[in-house]
Structures are given as structure tokens and as C-alpha cells.
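Trainee: I am attaching a structure below and will ask some questions about it afterwards.
The values are calculated or read from the model by the stated rules, or taken from the named source; none is laboratory data. On a predicted model such as this, the values are computed, not experimentally measured, just so you know. Cβ placement follows ideal geometry from the backbone for every residue including glycine, while neighbour counts extend to all protein chains displayed.
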């Protein structure tokens, strides 16, 4: 192209290339000026519908005339049909390249955001939504002017895009939640993306980041980014507020128009210019709608000094007051590290209070669920079932920690007590035990000697180690158990232990991070399991009575060795020291489930939900998944509905609800409705991604051609999750069987076997690989080899000792046996599964074509009849 003349433009040099096409610098021979020519990708130029849509967008963009918007001069096409756009050319640097060199100064970053907002305002006034606002689409000229590029082009494609029929597009890290879900977008999507850019300008990094697009989408839908104040010092809280409002996941809570955000940014710029950005500490009466501006910060309940208490009379009233919710405090500090410190201290305070059997303490998960909601204290108290609520504010000023706090009677909304505290940061690690003792004394709760010792024991003598520990806790307790959060938590705990080798709490927490990495297959190496056990042993050796050390050892037995009896013993010891800890109760429930103690699972679920009534994961996993296994399908659906009401973006719950109707009623339509409305790359917890589940839906529907097309379209080698590892070639083989093409099926089975042979050398103890290999060998007719894999599954410690995962191994073993002619053995396994808890039902037996080899057997038919409707 270099040197050619297209229309009246001589191509001079290539400026860049990407998913949107190729951009050239050109000389306008008529007007004697330099311009940029962008040639659209061939796939767009050849599609008439895409061409018409693109031309419409380009015409709309050409009507924009604003200094912060790239001017579009014309649209044309070459004689061979290549469509191109002629745009103004700007000498400068893309904003993302500038950010790569480091975060902007705060005032400069705000100024860039204002310019971008002004450009968007001009576009929105004409009804034009960009849809793909990102830092690489903003050019910074040599004079410091920000120019938004590619208006109206977002619909035509781009790198790292997620698409859905009929939906808008967006580059993943900048996508709004509604874009990620494939919903219709409006100007509020551009506001979200501008918020992401503002975060990027100030932090020097994206708010949601990962090497994988699906992980970013999960974070966008389910997680909150680190506060700017936690990443650098000097960030005004007003800037934090503006950013928080711009990237609200619910677009109704976001800025509704960009001019609203622009007004706030301009006001902030004036404050920065006059050096009035810092917010003074004011001992004011706080209401929850003010606190809602700041999520995830400390709930330091410095409350209830015994001499200043209101005396509650009557046993019922005393019991009510002893049920406590400590709401997130308003963080007025602009010093970065203390945001993490605050969140971790909140968790530690709740842990301390959970040591007292006479108190009912609402967990962190349920309390944080009210962040950002304008709800009266009376309503919060009613929903959580508490009688007293603590709220307040915190600020770090010149190395001192200042706190305003108040205790409120939730029933009368009366102030019972208020106080202001001033402590040094060096003494901060003593705060949580001091506060816990004050609360206990205030509500008149009796303490045992052991409880009193637990509250007064200093966790470490090293203040820096304690702050690192609190930072690690803040990461470890974030929702979703995202790998990066666990890795950061591990780093914080390791640094804490490095400062104090005798810090038992930090060693226990470090053990847990190693356990997460091992159990969730982030690092399934034996070395990782060994490190988990060693840190737990070290914590116990340092403090034999520390509940957290016994939890760590319990998890080492649970996750590292699958020794569930010893795990339960350790967790029961921990329960003596943490009787009100909801997370501990849920873990006890998980261990009981592994042991097949189903009544105990549900009892633990009830105990956990009493202390954590707004934890969506409890209703999803401990509740819904257990009811599903027990064939109490109606209760399972209600539990999933409850989970979704608490966290609508928990796709895992939505999926499980659909799967329940398949087991219960044989209905595939409900499951299809769920899977078709979710993004294909979205995570569904232990079940992988939506794509991993959709491929199986097509198989159950016996849509062979659609299944083969889907496999070709996704171009993935294996569909994988915690409970399955199925090569795409294995699904292709089953699809060919459904079509009656045995030759093509044999080729695909052989491809699957070859792939699994290579994988099994790397993961020789992974039951999922053995199960899939057995199915591939059965498909090839290699009876003896397939039988060996079925035998391997039966001899696995998981099959023999794990009442939960055993059900999955047993079902796969039965499928292998059914397909190699071992009919009696297959039917025996099937009957065991149907007669007890499992994920096999008469409906799934009818729907799954892999049972076809034994479908006409009289005993198989008898089993279907016997267990119909169970």
C-alpha cells in the first residue's frame, strides 16, 4: 500500500494495525494536508449488513465537531470494495502508552478525565454512544490535549472482544457489566469506561485485570477493585467517591449523564488547585447513606464504655442487645496503605467477638452486603436479626489513628453512647482486643476464663507484622476466591512471618493460602500441600490453643490429605474458641458432606446462616447443592433463588437452579434459558465456564450438528472444571455417534485417547483424566484398557473415602462399564446412585445417550420405573 494513491490520498506510511483494521498516514492531494486512512477488515467489508451499519455509524461520528473528538472527514471505498475512513491525524502518544510509564499526577489525571468527559458529553448530546472507550483510544497530543478516537467503530470489532448476537461490543477490561452480559447499552456504558480510565490514570493499573478475559469479566460482574487510597497516597476522598459512582455495577446507581460526572470532576479540580482537597475529621452524626460511599473499610466498634452505658433491663432485651452488627466505617484517610489495614482489622474484630459464646455476631459477608445501600438502621437490624448496631468513621492523620464511633439502639434509633478515640498506629494491633472487651462489658455478656484470655492475648509484638497480616486478611476474605487475591494474601502473610517468626496467626493464615492454591488446582503439586501442612504445624506449635491454628490444621487434613475425620476433629477444637464464626460452621458442614453425614451438613448450614444470613455462597453451596444431592429439589431451588436474590450476578447459582430442573423434571428448557442469556466466557464456579456447560447441554439435547459447530467455533482443546476434564474431541466423537457416523466417531475417540495419554503423564492421580480416558477407550472398543480405568476409579481413595466426590467417580465408572458390555456391574453402580444421594436421576438416565448400550436391558427399565419421580 505504501506509495499507492487511493482516491486523492497518497499512502505515506503505516501507522498501526489491530482488530479494527490498518491505519495509514496519507497526503490529501486536493487540500494538501496530512490525514489518517483506516481500512476496515475484509470480513467487515464483505458483509453487507456490517457495511451498512458501519457507514451509518461513521456518518453519525462525522457530525461531531469537538476539540476532544477525532474529526471524521469522509468515508469511501476502493474499486475492489475495501471500505475506508478518512480522519484527522494527530501528533502525539496514545494514553495507554503514557500510563505504562507510571500513574499520572492526580491533578493531571483529573484534567485528562475532564477532557475525555467533555468529548463524550458532546457525543451523547447527539445521541451517539462510543461503546469502546479505552485508554488506547485516547490520543494525547504534544500540547496535552486528549482526543477520543474511533467514535462509532466499536460495533465493528476489536481485539479481545466478547460478542453475542444482537449485542454491543467492548474491549474486555473497560466493558461495563451490562456489556459483559450482552445487554443493550446506553451512555452509562461510556461513563463506566471513563471511570475505568480515571482509575487507570491515578493507579497506573486497571481496576479489573487478569491474563484471561473470562477472569476479567468475572471480576467486573462480581468484585470491587482495590481502593485508589490503598494504591497511592494523597488521593482525595472526593476522587474516590467520583470513581466509585462512575463504576457502580448497577447502571441505575451510576452517573446517569456524563455532565453530572463532569461537574464533579470540575469541582474537584478547583479544590485541587486551591489545595483544599483533604477532608477534615468531623465528629458528626453519621447515617448509613453517608457510610455507603466507602465500602470495605474498618468497622472499629470502639464502643460501650461500661460507665456510660444505658442500662438495659429484662432478659429478652439483654439478649437482643447482645446480637450485634458492626457496619463499615466511613474512611476519611487519604493515606493508601491504611485502607487494606482497615478492612483486615474489621475481620479481626469480628473474629474476636466470635470467640464469645454469649454474643451473636453477624459475619463480615452479611454486613458488607449493605455497603452502598440507603437503608434505615431499623431495617438492617430486622433483616440481620440484631438489636444493636455500631457505626462511625476513621482517619489516619500524622501517624495517628482517629476514630469517631457510636452505639445505636436499632429498635428506637436512639444514641446509646458515642466517643472519639486517638491512638498511635504502632499501638493499632491492640485495638481489636480492647474493643472486643469493651463491647462484651457493655452488653453484659459473661466471659469464661478461656474467652477472657483469648480476648486479651496480643497476636504479635511487631506492629508492622500485624499491619501486613491485616492487609493479607483483607485480600483473603474478598469474594470469589480469585487466584490473584490469594497470591497477594500469601505474600502479605509471608512478609509478616518474616518480621515475626512466632506470629502464629499469620502462619495459620499462610497455611490457608497454600491450601487454596492446592485444592482449587492453581498449584496441585505435592510441595504446595506440604507447605500448607508445615505452616499449620508451626502455628499449632507456637500457640496450641489458637482456634485459627486448629482451623489451619483441619484444612491441611481436608484439602491436603482428604483425611476428613481428622479434619473434623481439628475444626471441632477450633469451634470451642470461635463458637459464633459462620465461616467455621460452613467448613464443618463441608467436611460432614465429604463424610456423608447429611443431617449434620444441614445443621451446620442452619448454624452458619444464622450468623451470616446474607452470604449468597452459603445458600448456594452448603444449602442448595446439598439439597440437590439429597433429591430435595424444591428446597434446592429455593436455596438457589435466595442466593440469587442476594447476589444476582452469581452465575453458578443460576446454572445450578437450571440443572436442578433437569434432575427433577427432565426439563432442558430452563437450563437452556440460563445458558443462552449468560456470556459464554463467564465463570460458573466449580463447573467451569458457561461454554463448558453449553456444550453438554447440546449433547443432552442430542443436537449433533449444533454440537459439532459449537466445538469448531469455540476452538478449545478441552472443556474443563473442578469436576470434569472432557476433550473437545471426546464430545465430537459422541456427536458423530448421534449422527450414526461410526468412522468419524472412531477418529475422534482416537484423538481424545491420544490427548489424554499425554495429559495423564503430567497428572497421574487426577481422577477426571482417568474417567475421560476410560470413556475414550470404551468408545474405541478397547475393553480391557477401559476396564482398567474403571477399576482405577473404584480403587481410588476418593471413591472409597469421599462421600461427595465418590458420586462423580461412580457415575463415570458406570458409564464406562455400560459401554464395554459390563452390564451387571454398571447396573449395580446405577442402582446404588439412584437409591441414595447423587446427581443421577431417572431423567438424566433417559436424556444421556451414553446409557444407550444398556437402555433396553430389563433391569435398566425396571430401575427407571422404580425411581421415577424420586
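Trainee: Can you name the number of the only condition in (1) buried (at least 21 other Cβ atoms within 10 Å of the Cβ); (2) part of a helix (DSSP H, G or I); (3) touching a residue at least 24 places away in the same chain (Cβ under 8 Å) that residue 639 fails?
Mentor: So residue 639 meets the others, but not (3).
Trainee: I'd like to verify a number: residues in segment 14-37 that are at pLDDT 85 or above and under 30 Å from residue 172 (Cβ atoms), how many? Outline the logic, then answer.
Mentor: Step one: of segment 14-37, the residues at pLDDT 85 or above are 14, 23-37.
Narrowing further to those that are under 30 Å from residue 172 (Cβ atoms): 14, 23-25, 36-37.
Final tally of qualifying residues: 6.
Trainee: Next question, about the same structure. Within segment 607-616, which residues are under 30 Å from residue 800 (Cβ atoms) and surrounded by fewer than 24 Cβ atoms within 10 Å (Cβ to Cβ)?
Mentor: From segment 607-616, those under 30 Å from residue 800 (Cβ atoms) are 607-608; that's our starting set.
Across segment 607-616, the qualifying residue is only 607.
Trainee: Follow-up. Can you tell me how many residues within segment 499-533 are without any contact (Cβ under 8 Å) to a residue 60 or more places away in the chain and over 11 Å from residue 560 (Cα atoms)?
Mentor: In the first step, residues of segment 499-533 are kept if they are without any contact (Cβ under 8 Å) to a residue 60 or more places away in the chain; the result is 499-519, 522-523, 525-533.
After this cut, where a residue has to be over 11 Å from residue 560 (Cα atoms) as well, the list is 499-510, 513, 522-523.
Here the count works out to 15.
Trainee: While we're on this one: Out of the residues in segment 828-858 that are more than 27 Å from residue 704 (Cβ to Cβ) and more than 40 Å from the chain's Cα centre (by Cα), which is surrounded by the fewest Cβ atoms within 10 Å (Cβ to Cβ)?
Mentor: Looking at residues that are more than 27 Å from residue 704 (Cβ to Cβ) and more than 40 Å from the chain's Cα centre (by Cα), I get 858.
Trainee: Does residue 654 qualify as being outside any helix (DSSP H, G or I) and surrounded by 17 or more Cβ atoms within 10 Å (Cβ to Cβ)? Talk me through it step by step, then tell me what you get.
Mentor: Values: outside any helix (DSSP H, G or I): no; surrounded by 17 or more Cβ atoms within 10 Å (Cβ to Cβ): yes.
So residue 654 fails the test.
Trainee: Any idea which of (1) at pLDDT 95 or above; (2) outside any helix (DSSP H, G or I) is the one residue 557 doesn't satisfy?
Mentor: (2)
Trainee: Might you check whether a residue that is at pLDDT 95 or above, outside any helix (DSSP H, G or I) and either surrounded by fewer than 20 Cβ atoms within 10 Å (Cβ to Cβ) or not assigned by TED's automatic domain parsing to the domain that holds residue 803 (or both) occurs anywhere in segment 678-694?
Mentor: No; the residues of segment 678-694 include none that is at pLDDT 95 or above, outside any helix (DSSP H, G or I) and either surrounded by fewer than 20 Cβ atoms within 10 Å (Cβ to Cβ) or not assigned by TED's automatic domain parsing to the domain that holds residue 803 (or both).
Trainee: Here's another thing I want to ask about it. With the condition kept exactly as written, say whether any residue in segment 427-437 is within 23 Å of residue 394 (Cα to Cα), at pLDDT below 70, in the same structural domain as residue 402 (by TED's automatic domain parsing) and surrounded by fewer than 14 Cβ atoms within 10 Å (Cβ to Cβ).
Mentor: Checking segment 427-437: at least one residue is within 23 Å of residue 394 (Cα to Cα), at pLDDT below 70, in the same structural domain as residue 402 (by TED's automatic domain parsing) and surrounded by fewer than 14 Cβ atoms within 10 Å (Cβ to Cβ).
Yes/no per residue for (1) within 23 Å of residue 691 (Cβ to Cβ); (2) at pLDDT 85 or above; (3) part of a helix (DSSP H, G or I):
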site: 110; (1), (2), (3): no, yes, yes
site: 122; (1), (2), (3): no, yes, yes
site: 131; (1), (2), (3): no, yes, no
site: 136; (1), (2), (3): no, yes, yes
site: 167; (1), (2), (3): yes, no, no
site: 178; (1), (2), (3): yes, yes, yes
site: 193; (1), (2), (3): no, yes, yes
site: 196; (1), (2), (3): no, yes, yes
site: 218; (1), (2), (3): yes, no, yes
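Trainee: A further question follows. Looking only at segment 57-83, which residues are touching a helix residue (DSSP H, G or I) at 6+ places or on another chain (Cβ under 9 Å) and part of a strand (DSSP E or B)?
Mentor: 69, 72, 73, 74, 75, 77, 83 - these are the residues of segment 57-83 that are touching a helix residue (DSSP H, G or I) at 6+ places or on another chain (Cβ under 9 Å) and part of a strand (DSSP E or B).
Trainee: Ok, one more. Can residue 378 be described as at pLDDT 75 or above, more than 27 Å from the chain's Cα centre (by Cα) and not in a helix (DSSP H, G or I)?
Mentor: Working: at pLDDT 75 or above: yes; more than 27 Å from the chain's Cα centre (by Cα): yes; not in a helix (DSSP H, G or I): no.
Taking the combined requirement at face value, the residue does not satisfy it.
Trainee: Pick out the one residue from 444, 515, 454, 472 that is in a helix (DSSP H, G or I) and more than 29 Å from the chain's Cα centre (by Cα). Step through it out loud before you land on a result.
Mentor: On the way: 444 fails: in a helix (DSSP H, G or I); 515 fails: more than 29 Å from the chain's Cα centre (by Cα); 472 fails: more than 29 Å from the chain's Cα centre (by Cα).
Only one candidate passes the filter, namely 454.
Trainee: Tell me whether segment 148-161 contains one or more residues that are touching a helix residue (DSSP H, G or I) at 6+ places or on another chain (Cβ under 7 Å) and modelled with pLDDT of 90 or more.
Mentor: yes
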